[in-house]
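The values are calculated or read from the model by the stated rules, or taken from the named source; none is laboratory data. The structure displayed is predicted, hence computed values, not measured ones. Neighbour counts run over all protein chains shown; Cβ positions are idealised from the backbone, glycine included. The accessibility values were calculated without ligands, DNA or RNA, using every heavy atom of the protein model including side chains. Shrake-Rupley method; radii C 1.70, N 1.55, O 1.52, S 1.80 Å.
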Amino acid sequence: MSQNSDEIFKKVISHSKEYGFVFQSSEIYDGLSSVYDYGPNGSLLKNNLKNFWWRSMVQLNENIVGIDSAIFMHPNVWKASGHIQAFSDPLIDNKDSKKRYRADVLVEDFTEKLFQKAEKEIKKAAARFGDSFDSKLYRKTNSRVLEYESKAKSIMKRFSKALKNDNLKEARQVIIDEKIKCPISGSTNWTEIRHFNLMFGTKIGSVADGANDLFLRPETAQGIFTNFLNVVKTSRLKVPFGIAQIGKAFRNEIVARQFIFRMREFEQMEMQFFVKPGDEKKWFEYWKKSRMDWHKSLGFKTQNYRYHDHEKLAHYANAASDIEYKFPFGFKELEGIHSRTDFDLKQHSKESGKKLQIFDPEINDNFTPSVIETSIGLDRMFLSVMSECLDNEILEDNTSRVVLRLPYSLAPNQAAILPLLKKDGLPEYASKIYDNLKFDFQLVFDEKDAIGKRYRRQDAIGTPLGITIDHQTLNDNTVTIRDRDSMQQKRVNSDDLNKIIRSATSIEALLKKR
Ligand code: GAP
């Protein structure tokens, strides 16, 4: 990670804390590792992200319905799904630093550095050759760039193959052969690699009554599969159709780090799309594109998104692709699109003895649908949005301002109501405006400090509009309205505020873009 991106990441973390977006959990007790709480602005932003996803999936698709299933599930669910046997990470320890790592993350970080070296070569050449530089051609022909990229790819290939074959000795050998060092001790003194199951265990009922061992769900998807028949019977859906859900998931991550990127308690937004067997390839491609379009509809830099097709597949999948986002610490998975075959439904049929099938009148028989899954981490989405939008703008007079350039329809508050002075009846008038608008919009009321300082405070939390009530308002019922991005102000009649705020911040415009 270059110094610069390191600095950016630190700023995202400190800004999130300072402005009430994200706090360390149990901070007064020195915190709980990799568990975070969302503050007043963070919870509003998080709700807006959820709303954007939910409406894109459930409201805009007539063949997708939503559910909200429980976190606790029957223990046999995890037997059937394969999580008890196979939901583990390859773990390795460095004998000198005594630090524990995910072997795949060590290798991924190592290869990412090689890719970054290739990018650096291209940037250097671009600076050298100026306007005539053809970066595509250079990438294809420059021997050093080719060497870095092909080395990174062949390491990943060898490592993925070893993991796929469950050959942990060979996987370790990749780390040894490439002399991958522990970031703390700098040594290559590694233990063997072993499997570590990521599910958190808990118990239901008292021990005296014969308590049952349970797991906290590591993904929300299984609640969809176990409700498959209930939904089919109650909603008259025909394939292809989807079931969507937002909810908490829990994983005992070995290396939980990078702020809210990898947490032990997090939220997923998942959709399982049930299709006729044989149609999965078509629908996999459809959802891959559709989800990328959804991300790009936010208007962020398109070069910050890319696909990563998987070589190592999860135990249930026959195809998988990630949508990666360029976080300050490099390109990493933001969302997964998986072709899960009929694995889950068949496994649950076997384990429960219930037929999880649909009747097809065309063939006059029952069949088990195949499943395409889209799965995005809400917290990762949150981090991508904060990383993309936090900006330090240099102004014409050489001063600077911090602006959180959130899409207007996702900002925690749509407008700030700002009486210019704390006297002369201005706060009372402003309160009336606030009371009129509060049923339709999330607003902030701020009367403390000079108006310039208040504008900056709102810029820093991304509030799109600042509405100032001054002495003229008392005479003619007009207010000034300031736009966050352009900083332009205009005078409008306060009776028009509802319409103006709605048109600038409604989520409909964003939904229509996808
Ligand atoms: N149902 C499929 C599934 O859970 P996954 O790739 O393991 O697939 C899906 O997870 C998404 O959940 C990821 O793309 C990521 O955004 C999010 N996610 C997974 N583990 C996470 C963690 N420890 N902290 C935060 N988000 C996580």
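What to note about this one:
- Take Ile481: with every protein chain present and a 1.4 Å probe, its accessible area is about 10 Å².
- Note on Asp166/Lys281: beta-carbon distance plugged into 1/(1 + (r/R0)^6) with R0 of 30 Å gives a FRET efficiency of 0.65.
- Accessible surface calculations at 1.4 Å, restricted to protein heavy atoms, place the chain at 50 Å² per residue.
- 0 to 90° range, to nearest 10: angle between helix 451-461 axis and the chain longest Cα axis: 10
- Derived value for the range 274-325: Kirkwood hydrodynamic radius 12.4 Å. Basis is the mean of 1/r over every pair of different alpha-carbon atoms.
- Inter-part distance, the range 214-230 to the range 378-456, computed on C-alpha centroids, equals 40 Å.
- Counting only Cβ charges, +1 for Lys and Arg and -1 for Asp and Glu, the dipole size of the chain around its Cα centre is about 1080 debye.
- Stretchable slack from Tyr29 to Asp131, in nm (0.36 nm times residue separation minus alpha-carbon distance): 31.1 nm
- Using bins of 5 Å that start at zero, the share of Cα-Cα pairs per bin across the range 159-236 amounts to 3, 11, 11, 11, 11, 12, 11, 10, 9, 7, 4, 1, 0, in whole %.
- Atom-type composition of the exposed protein surface of the range 1-133 places 52 percent of the accessible area on carbon and sulfur (1.4 angstrom probe).
- Unsatisfied cross-links (Cα-Cα over 29 Å) in the set Lys312/Lys350; Lys10/Lys164; Lys11/Lys46: Lys10/Lys164
- For the peptides 365-374, 417-426, 496-505, 334-343, the ranking by packing is 334-343, 365-374, 417-426, 496-505, with the highest mean count of neighbouring Cβ atoms within 10 Å listed first.
- The range 115-261 shape via C-alpha gyration tensor axes, a/c threshold 1.5: oblate
- Between 0 and 90°, nearest 10: helix 143-164 axis offset from the chain longest Cα axis: 60
- Value of Rg/Rh across the chain [Cα atoms, Kirkwood radius]: 1.01
- Overall shape: oblate for the range 180-327, with the ratio a/c of the largest to smallest alpha carbon gyration tensor axis at 1.5 or above and b/c at least equal to a/b.
- Across the range 186-257, the relative contact order, built from alpha-carbon pairs under 8 Å that are at least six residues apart, equals 36 percent.
- Percent RCO, i.e. relative contact order, over the range 68-148, from Cα pairs under 8 Å lying at least 6 residues apart: 19
- Acute angle (nearest 10 degrees) that the helix 168-177 long axis makes with the longest principal axis of the chain, alpha-carbon atoms: 60
- Once C-alpha pairs closer than 8 Å and six or more residues apart are averaged by separation and normalised to the residue number of the chain, the relative contact order reads 14 percent.
- Structure-based [θ]222 nm, the chain - -39500 (n - 2.57) summed over DSSP H runs of at least 4, per residue, nearest 500: -12500 deg cm²/dmol
- Prolate/oblate/rounded label for the range 20-109 (Cα gyration tensor, a/c 1.5): oblate
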